[in-house]
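The values are calculated or read from the model by the stated rules, or taken from the named source; none is laboratory data. It should be emphasised that the depicted structure is a prediction, and the values quoted were computed from it without experimental measurement. Cβ atoms come from the backbone with ideal geometry, glycine included; neighbour counts cover every protein chain shown. Keep in mind that these areas ignore ligands, DNA and RNA; they rest on the heavy atoms of the full protein, side chains included. Shrake-Rupley method; radii C 1.70, N 1.55, O 1.52, S 1.80 Å.
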Amino acid sequence: MALMRVVAASTTIAERAGGVLRDIMASGKLGIIDKGGLNNLQTQADRKAQLLIVSSLMTQFPEATTIGEEDDVDYSTEEAKSLIVRDVSSEVLAHSCPAEHQHLQEKDFVIWVDPLDGTKEYTEGRKQDVTVLIGIAAHGKAVAGVIYQPFFEVEGKEVGRTLWGVTGLGAFGFQRQQVPEGRRIITTTRSHMQQSVQDAIDSCKPDKLIQIGGSGSKCILVIEGIADAYLFASPGTKKWDTCAGEAIIHALGGKMTDVFGNPISYGADVSYPNKTGVLAAMRDFDFYKDKIPSDIMQRK
């Protein structure tokens, strides 16, 4: 089915892009550009990884809409053509497409790409916060996601790890644990702790707060059960930051919305920023939603 082909391609493409991130990090030639705004950096790794991902997706799925974070990439160059990935994951294709998605066609998909989530952390050498994100939406809803951790270590070696999921099917590539009953652990931003973010967290009175960089890394903490909620009451994230994580969280039975419980729309014509923040939880979602002050997004 069309959806499983897109997911199978996206896993392989994300892994190949992760190799680009590792290679550029090892070279030490990051090519950092300040795009303006708070902690809004771009590196050679962002540019080349997006060139690889988007060129590959547009080649394999020309009828889908693919939207990448970086807007200054030329996909008509010889370099872009040389980076195209045509391989797909046989592991993903071994799974049957859920009945609820079997009617979907290639033209129904909007694919949201963050080639390097956690660019600031990448430039600081905080490699464990870095991910490659490919989120797949249909009719405005996140239906599948791929998160690749290029610097994930096994026995001290950076081998990378792929997490992927499809709503109605499940999620794969990790081992899940459970936050102990009676404890509330929230993950949030490391570098954008403005008043609205702090006040929203304080309203939930967590037992523990985990502050890390990158939306993908925060989603992984919820996916793995290390944190039971991801809360960010700020317009700082964009659709390419959340689509992949939302799909995987939903595939596990959790939920992601804005901080007021409204669905996040991933249609091709939507505004890119998540203007009313992000709330995700695997359990007790309503507990967190109901604690958020109604005027939280007006607080600076």
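Magnitude of the charge dipole for the chain, about its Cα centre and with charges confined to Cβ atoms of Lys, Arg (+1) and Asp, Glu (-1), is about 460 debye. The orientation-averaged shadow of the Cα convex hull for the chain, equal to a quarter of the hull surface, comes to 14.9 nm². Bridging of Lys239 to aspartates and glutamates at a Cα separation below 19 Å is possible for Asp46, Glu69, Glu70, Asp71, Asp72, Asp108, Asp114, Asp117, Asp129, Asp258, Asp269, once same-chain residues fewer than 8 apart are set aside. The portion of the accessible surface of region 155-212 made up by carbon and sulfur, rounded to a whole percent, is 42 (1.4 Å probe; DNA, RNA and ligands excluded).
Using Cα atoms only, what is the angle between the long axis of helix 44-60 and the major principal axis of the chain, expressed in degrees (0 to 90) to the nearest 10? Taking the Cα atoms of the chain, the angle to 44-60 is about 70 degrees. Carbon-plus-sulfur accessible fraction, region 63-124 (probe radius 1.4 Å, protein heavy atoms only): 41%. In terms of its Cα atoms, region 1-129 spans 44, 29, 29 Å along the principal axes, sorted from long to short. Computed from Cα atoms, the angle from the helix 195-204 axis to the main principal axis of the chain rounds to 60 degrees.
Ranking Gly173, Leu133, Ser90 by how far each Cα lies toward the positive end of the dipole of region 58-188 (charges on Cβ) leaves Gly173 at the top. Each pair of Cα atoms in region 100-235 enters the Kirkwood radius, and Stokes-Einstein at 37 °C and 0.692 mPa s then converts it into a translational diffusion coefficient of 201 µm²/s.
Does region 187-300 come out rounded, prolate or oblate by the C-alpha gyration tensor, with a ≥ b ≥ c the root eigenvalues, rounded set by a/c under 1.5 and, if not, prolate when a/b is larger than b/c and oblate if not? Rounded, since a/c falls under 1.5. Could you tell me the calculated FRET efficiency between Ala99 and Lys275, based on Cβ-Cβ distance and R0 = 45 angstrom, to the nearest 0.05? It comes out at approximately 0.85.
A 1.4 Å probe run over the protein chains yields, for the chain, 42 Å² of accessible area per residue, whole-number rounding. Overall shape: oblate for region 237-300, with the ratio a/c of the largest to smallest alpha carbon gyration tensor axis at 1.5 or above and b/c at least equal to a/b.
If you build a Gaussian network model of the chain, linking Cα atoms that sit under 10 Å apart, which residue out of Cys243, Cys219, Cys97 swings the most? Its mean-square fluctuation being the largest, the pick is Cys97.
Here is the list for region 86-189: trypsin sites (Lys or Arg not before Pro) lying in DSSP coil, each with at most 14 other C-beta atoms within 10 angstrom of its C-beta, are Arg86, Arg176, Arg183.
Between helix 239-251 and the chain there is an angle of about 80 degrees, using the helix long axis and the longest principal axis of the Cα atoms. Along its first, second and third principal axes, ordered by size, region 73-157 spans 44, 37, 26 Å in Cα coordinates. Simple spin-label estimate for Ser265 and Arg283 gives 3.4 nm between the two label positions (7 Å along the Cα-to-Cβ direction from each Cα). Take the Cβ atoms of Arg176 and Glu79, set R0 to 30 Å, and the FRET efficiency comes out at 0.15.
Computed from the Cβ-Cβ distance with R0 of 45 Å, the FRET efficiency linking Asp207 to Glu153 stands at 0.95. A straight Cα-to-Cα reach below 19 Å connects Lys48 with the lysines Lys29, Lys35, Lys81, Lys120, Lys127, residues fewer than 8 places away in its own chain not being considered. The stretch between Gln298 and Asp23, if pulled fully straight at 0.36 nm per residue, gains 94.8 nm over its current Cα-Cα span.
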